[in-house]
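Single-structure report; data block below.
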Amino acid sequence: MSSKVVTRFAPSPTGLLHVGNYRTALFSYLFALQNRGKFVLRIEDTDKARSKKEYEENILESLNWLGFKHDEFFRQSERADIHKSYIEKLIKSGHAYVSKETPKEEGDRAEVIRFKNPNKKVKFNDLIRGDIEFDTTELGDFVIAKSMTEPVFHLVVVVDDFEMGITHVIRGEDHISNTPRHILIQEAIGAPTPLYAHLPLILAPDRSKLSKRKGALAITEYREKGYLPETMINFMALLGWNPGTDQELFTMDELVKTFDLSKVQKSGAIFNEEKLGWVNKKYIEKMTAEEFREEAKSFLPENLREKSEKLLPLIKEKINKFSDIPELFNTELSFTKGVPDYAKESLKWRQEKDLVNTKEYLNLVLEKILALEDFSKESVKSALWPIAEEKGKGAVLWPMRYALSGRDQSPDPFILAEILGKDESIKRLKNALSKL
RNA sequence: GGCUCUAUCGUCUAACGGUUAGGACACGUGCUUUUCAAGCACGGAAUCCGGGUUCGAUUCCCGGUAGAGUCACCA
């Protein structure tokens, strides 16, 4: 009695898919995994004019990046014979007929295949929304194929879902109104009706459907911005679903265990990139130094790619996403490129009234540094710490940090010294002193 | 407009009739600190409106209102 669960993700390669699409893939995948079922990937490329290979490749690449593995793969364009046989069968059984038309638009055929609508009420139980009822009369005899060899979406989904043994159709809410057509066709070909779960839409900031025009990004664009796949999965899962606890961060395994289709939200959710950034930061924190280095590499300035080992930890604690890195080198990490020109007053610690102490302490710092053999941040620190403790940490360290970086905001002065090296540090300290 | 779906802080959401309506992001304040970030503490912020049902409604029912989806020879 217990038939195996089979879900599917059925994108059409007519454009780049956005997070809304991939979230339906995620939910279908999670549902299949937690039921030890199968996950089918089906490329819906029946629209020959608009389907493009590059979009299909982008879908495959994205799914692979997210780590979703399908058990079976189909391309609808390769199943023409099957579709044709169903059209013939429907015509033979009187469920469909060839209809003479007067073309309304360019490209319209003079003859199409229409479904003979029984004009009845159909009801289905949506796993997320409960009972939904439609009167199909308003649908009329809808078109199921442009010709014997050119079936249209409604026919093809039903036939393929049936042939592939799909038990659970998990798709976007925008398909709710298509469902009665699909049920009618199922009844005509003698196919069982699968269980339906219509997911709420992911919305643009103005609460309308996400679209290119509204700034929806392909998931590969999030990858290019430097978001991690774990982040995207975690974030998409929580958009429209949550386990009812306060947990915010989930591994894939945890999602498989706790995901519950019946707890999916009914209303649409706006995609909030600020929170996405927060989630990504959390995942960046979890990365090992090696993982971080690998991921950060391509975002570093050319000249620093090979000698950024000491900068990496500084970068890691600052960014939300990897594409934040270049900007960092214009702000807090600009010391790697040199010191901008600054007014001598900038060297003054906020609790000092004039620059007298500043000059004295900078000289002390310079003196200690000149005498240093080993120039690690630890040794610099141990050489200077007693002075800082005695004279006041801010009073000593602020001018030093400013002299080395030329900025209000920068890394710790000891790290600056280590990264710059002894000669450069001395040069910058002397430069500061020359202003005083 | 017809049909369908939906409605809790700015945003994502929790509370399956009884809570001071909880959490997270963002925001504000403070602490810590050599700056920033992080961290910690605190704070402001919501049940769309109106009727029922009930001892009691965020929760159930009805009606409004608002928003969304869909009405293709696209998927």
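Structure summary
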| item | result |
| --- | --- |
| Criterion: more than 23 Å from the chain's Cα centre (by Cα) and either closer than 14 Å to A:I166 by Cβ or part of a loop (DSSP other than H, G, I, E, B) (or both) - qualifying residue of A:S85, A:S28, A:S51 | A:S51 |
| Residues of the range A:95-136 classified as among the acidic types (D, E) and without any contact (Cβ under 8 Å) to a residue 12 or more places away in the chain, total | 5 |
| Residue among A:I170, A:I166, A:I144, A:I113 that is modelled with pLDDT of 95 or more, surrounded by 18 or more Cβ atoms within 10 Å (Cβ to Cβ), near RNA strand B (Cβ under 10 Å from one of its atoms) and within 20 Å of A:Y196 (Cβ to Cβ) | A:I144 |
| Sole exception among (1) polar (S, T, N, Q); (2) more than 8 Å from RNA strand B (Cβ to nearest atom); (3) under 30 Å from the mean Cα position of the chain (by Cα) for A:T136, by number | (3) |
| Some residue of the range A:197-214 being more than 12 Å from RNA strand B (Cβ to nearest atom), assigned by TED's automatic domain parsing to the domain that holds A:D126 and more than 26 Å from the chain's Cα centre (by Cα) | no |
| Inter-residue pairs, beta-carbon under 8 Å, first free of Cβ contacts under 8 Å to residues at least 24 places away in the same chain and closer than 18 Å to A:L127 by Cβ and in the range A:238-261, second charged (D, E, K, R) and assigned to a loop (DSSP other than H, G, I, E, B), 6+ apart | A:P243/A:D260 |
| Hey, A:E88 touching a residue at least 60 places away in the same chain (Cβ under 8 Å) and away from RNA strand B (no atom under 15 Å from the Cβ) or not | yes |
| From the options A:V159, A:V122, residue that is within 13 Å of RNA strand B (Cβ to nearest atom), aliphatic (A, V, I, L, M), under 19 Å from A:H182 (Cβ atoms) and assigned to a helix (DSSP H, G or I) | A:V159 |
| Those helices (runs of 4 or more DSSP H) lying entirely in the range A:320-436 with at least 2 residues within 14 Å of RNA strand B (Cβ to nearest atom), more than 30 Å from A:N280 (Cβ to Cβ) and outside the structural domain of A:L304 (by TED's automatic domain parsing) | A:356-370, A:377-391, A:393-405 |
| Search result, residues across the range A:256-279 that are in contact with a Leu (Cβ under 6 Å, 6 or more places away or on another chain) and buried (at least 16 other Cβ atoms within 10 Å of the Cβ) | A:V256, A:F259, A:L261, A:G268, A:A269 |
| Qualifying positions in the range A:193-237 - touching a strand residue (DSSP E or B) at 6+ places or on another chain (Cβ under 9 Å), β-branched (V, I, T) and buried (at least 18 other Cβ atoms within 10 Å of the Cβ) | A:I202, A:I219 |
| Filter result for A:E294 (over 20 Å from A:F27 (Cβ atoms), part of a helix (DSSP H, G or I) and under 18 Å from the mean Cα position of the chain (by Cα)) | no |
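The values are calculated or read from the model by the stated rules, or taken from the named source; none is laboratory data. Just so it is clear, the structure is predicted and the values come from calculations on it, not from any experiment. Backbone-built Cβ (ideal geometry, glycine too); neighbour counts: all protein chains shown.
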